[in-house]
1. Kindly provide the set of residues from region 244-267 that are assigned to a loop (DSSP other than H, G, I, E, B) and touching a Pro at 6+ places or on another chain (Cβ under 6 Å), ordered by number.
2. Looking for whichever is among the hydrophobic types (A, V, I, L, M, F, W, C) and under 18 Å from the mean Cα position of the chain (by Cα) here; the options are F419, F414, F410, F388. Which one fits?
3. Quick check on region 933-940. Is at least one of its residues modelled with pLDDT of 90 or more, charged (D, E, K, R) and surrounded by 15 or more Cβ atoms within 10 Å (Cβ to Cβ)?
4. Condition first: outside any helix (DSSP H, G or I), over 30 Å from the mean Cα position of the chain (by Cα) and among the aliphatic types (A, V, I, L, M). Now tell me which residues in region 738-761 satisfy that.
5. What residue, among those in region 412-429 that are surrounded by fewer than 21 Cβ atoms within 10 Å (Cβ to Cβ), among the small types (G, A, S) and in contact with a helix residue (DSSP H, G or I) (Cβ under 8 Å, 6 or more places away or on another chain), is farthest from T399 (Cα to Cα)?
6. Would you pick out the residues in region 390-417 that are assigned to a helix (DSSP H, G or I) and either closer than 14 Å to L295 by Cβ or of a type in the set (D, E, K, R) (or both)?
7. Across region 821-836, what is the number of residues that are under 43 Å from the mean Cα position of the chain (by Cα), of a type outside the set (D, E) and closer than 14 Å to Y876 by Cβ?
8. Tally up the residues in region 465-499 that are under 30 Å from R564 (Cα atoms) and of a type in the set (G, A, S), please.
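The values are calculated or read from the model by the stated rules, or taken from the named source; none is laboratory data. None of the values given here were measured: they were computed from a predicted structure. Note: ideal-geometry Cβ built from the backbone for every residue, glycine included; neighbour counts use all protein chains shown.
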Amino acid sequence: MPNQLTNTEKTSVVVASASLAATALALGLRLTLAPAYADFIVGNITWSANTKFQDLFAPLFFMAVLLGGLAFLSAQIRTLTNHATQGSYARDLAEQLLWWSVPSVVVVAGLITGASIDRTILLVSAAGLLVLGVSAWLQAEKPERVSPWLTGLSLFSAFLIALVPLEIALVTGRLPVGMSGHVDVTRYARVSHLLIGVLFVAVLASAFTPRLTLRVLPKSILIGQLGLPLFFLALYPARLALPDGALTKYPTTWALKGLVIALAVAGVIDVFRRYVGYCRDERQSYKVLFSPLALFGLLIAFKFGNTLGPSLAPNDYEFGQNLLGWWSYLKGVVPYVGYISPHGFMEDDLPGLLSVVFYDGTATSIFDATRLSSTLLALVAFFALYRFSGSLGLALVSTFFIGGRTAFLFFTPFMCLWFSSSLRARPARWLAVWLVSATIVVLSVPPAGLLLAAASGILALEAVWRMWRGDEREGWKTLATVCVVLLVLAVVTPLGAMLIGAIRYVLDNGPINQVAYGIPWEISWNPGSPKSGLVFETIRMLWLGAPAFCLIMVYTGIRNRATRSAAFLPAVVVMLFALLLTPYSMGRIDAGDMSRAGLAAIFGWSVLIPVVAWHSTLRFNRTALIVLVAGMSATLNYTTLAFYTAVFSAAPSIPVLPMKNGVDWGMPNVGQGMVQDEQWARLVKLNTLLNSKLAPGVGYLDLTSHNAQTFYFGRPVTMPVTAAYNMAPVRQQQQAVARLERALPSIALLSADNITYDGGGLALRDPVLYRFVMDHYTPVWADGVILGLSAPAMIAQQGQRLTAGIRNLTDDKWDRGVSRSEAALSLDSSTPMVAFAPGTPVRLRNGETRSVTKISAEQHAIWLDGGTLDPAQAGYPGVVDVTLEPALQAEYRLTLQDASFATPELGKIPVAWGRSDKSLSKKMTRVASLDAPAPTLRDLAQEAGLYKVTGGNSQLSFDLSALGVSGHSAGMLRFEFSCVDRRATPRFKIAWWGDQQQGPADAAHLTFTADDGVLIVPLDAYPRWLTLEKVKGLQMTLADPNACGAFGIRNVALYQRNIFR
């Protein structure tokens, strides 16, 4: 039927009308009119002088615009369809309606997950739609008319021209202060807003002068694009405005200035080159006028252009991953051999290397260097997508939304390369390219890169098959040459060792990744949280869309016998890759955050789906595909589209908080930037302490997982995996121990606000490294920090000593930690009081030595002989040096080891391990059975093989004195537990004793939650067990005697992990 719209035309009308209606709703809600009070009434809106008219008007306005838009736009498309000579204009109008709906779709989709509305973007989108619709209506009866496609191009060029004031502000703001003066970017933004309105009206007026439009449009495109490359200047950091009004700047090199100027100049030249080429042959399409390099300036303005202030991340664990790799490589360390980047070179190390080249190579410049690296990778991805699809629109939209992980930007060019039809037409060349590029992918991002390379192996097999069938002798020679070159490089360079190290790292972590880092999805379903519930969870699970879409394509290809189509094998590759990423996507599901699943969903919708679907989609339907990609990607709300982002990118300065200078405090690697006061105090304290113990440039063993500290202090790494939290695989621990045995650092940092996350600390997370440290280091207290000293370091120290800080306490009894009436000191609350006893010598800050006469462990106070002390000399922030008495040293050492490693509460770890008894039983060997002799019972009665609770302190005590086992030789306790007549969750306390002890000490115990079945308890994770030379007894106490009416404990035995036998 002539009046029937196609499905795509219907879609365009609905989407455009909804975009107009959304803008109407946003405007309607701002139409506030003060109510006319009928009397002196006080209500909710009265207290804040609010209004209600907008709430009544906006929904009606929304519906009116929606219905009116549907009727009006569908009528215009029908009119064009029925036109005798201009029927194709209907498709052009529908296509342009979709293009100009994209900004609104992005803004509205972001609202689903809590993004804010940018009304400027909504207005620009709505204005463009109105101009398209009204222009088509005005020209309905004219014999000569402007194509909607040209109208859309005119609108786009008008928008680009309207950005010129911001480009001028950007250039002016990056000039020296003496040349530019004060630049108020908001004034330039107002001019841009005005230009958008004026120029859009001019485009609408061009409906009456179609020939003028054809003459003016090329020049408009030229003018609009000429300024876009200037947005590359936003990659040069804006000045930094301090709170006192002073201006400073990033320390950058001439290389950064040269880079941004070169990109800007190249963009301008490309714009002119294309315009000149078009003028020579005006029969060409207007598309040739658009410069990809210039249009990338839009991405800088709306995504990458905001300067990030110099600062240190408060999370030293994650921030350290961006610092230690590249710094070590510059000192000669081989990647994946001497140091292993957790996320790979591309994600962890590239920003730091760029910081060295373009900034000052300090920690505070890493954030802005990361912005630069993301921009450069996005530039490559943008050109790859454009080359693959031939669509600037797809390249802009997809690149705009790729985010969260640098790896996804990095993968995009390789996927475009491997899926290229022209390259695949030559299988030998494709294989040669794949061998080289797959190696680069694996080395750059080992975990996900190895999965991508494995999935793309399907294409490699196809290429080999085609070569075999085609008998391409020259192709085999090319392939052989590439293989030989790669083999030679692997032998004569570190490339082979690097590749083996990267793959081994993935294989080591793969089997344990889910239990070591996983977070159950169940935790995210938290009622009442703003980011939880069905809608939110559905959105971040959209990563399933990519494999589902590819599965449909594969099924359709098989069913239609189209397995030889260009899109079939790429669909198989993407499906396999997305499914292989499932452990990543569904591994660590953080509550209230897009998490890894959301990041995978963004990559799936912005890259994977369009790359697979593009060449199998009809040209007219491709615009609808881009709208879908934009809407679904925006729903994840990782990258938001806002006009103020472009305004901010042109700002001449950004506000920063007061900055610290690392050079002033002996930490030049820190640089100058914003640092949290608490973090800064900790860094200064640790750096001073380490400098007092170590010569400059000498490494130490850091067990705190504060990775970044090693870089801040300018000391080399001593283990390939620098964070203990990351060293869960046993093989990695064994490799670290082997390296430490060859070159043992004299100092280990055992405890200093350690980052343990869900790993439980060194003893539970890294048992091999833990035992090594226990055997090779003696703990020492130093002003709130626990150091480990090697045997030679202990000899150099000449005895067991500690440094204790004075407490910052001032009241009616204390002045800066010094008693006002007695010779007494109040010590820091974390000071181990076991180091003090009557007679212990204490050296004060002024050099005076006194003896302890009395101690109070509860108050953390000591009393000294002699007269009262002067707070100015002995008080806070001073310290006292203590030489331990020999009789106190053993307990002092255990106390510090407990503080460093022991985790008294095990939660359900014994239950979790017990449920995996079948596999874990192969990892340990029984040392001794505790079933005989029978345990001593307290408040328990044995009946029918069970223990019936008869009192409030139910205990089983096992006599181990005859077994002759040590804590070092038997580290695991295994038994089978059953709870009868359960009334509450059973919990156990386990205590032990040995050597000279006659019973359990208060500190020698652990607690855990039990459940029916096998329970496996890691006793060796506790220094007081591990250090026993002869274990004498073990006691189990049911913490809540009412939890079970009776319980069974059978097959009690001590085991040893096989790795320690």
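1. Passing the criteria: only Y250.
2. The match here is F410.
3. Yes, some residue in region 933-940 is modelled with pLDDT of 90 or more, charged (D, E, K, R) and surrounded by 15 or more Cβ atoms within 10 Å (Cβ to Cβ).
4. A743, L744, I747
5. Step by step, filter region 412-429, then rank; the result is S421.
6. Result: L392, G393, L394, A395, L396, V397, S398, T399, F400.
7. Of the residues in region 821-836, 4 are under 43 Å from the mean Cα position of the chain (by Cα), of a type outside the set (D, E) and closer than 14 Å to Y876 by Cβ.
8. The qualifying residues number 3.
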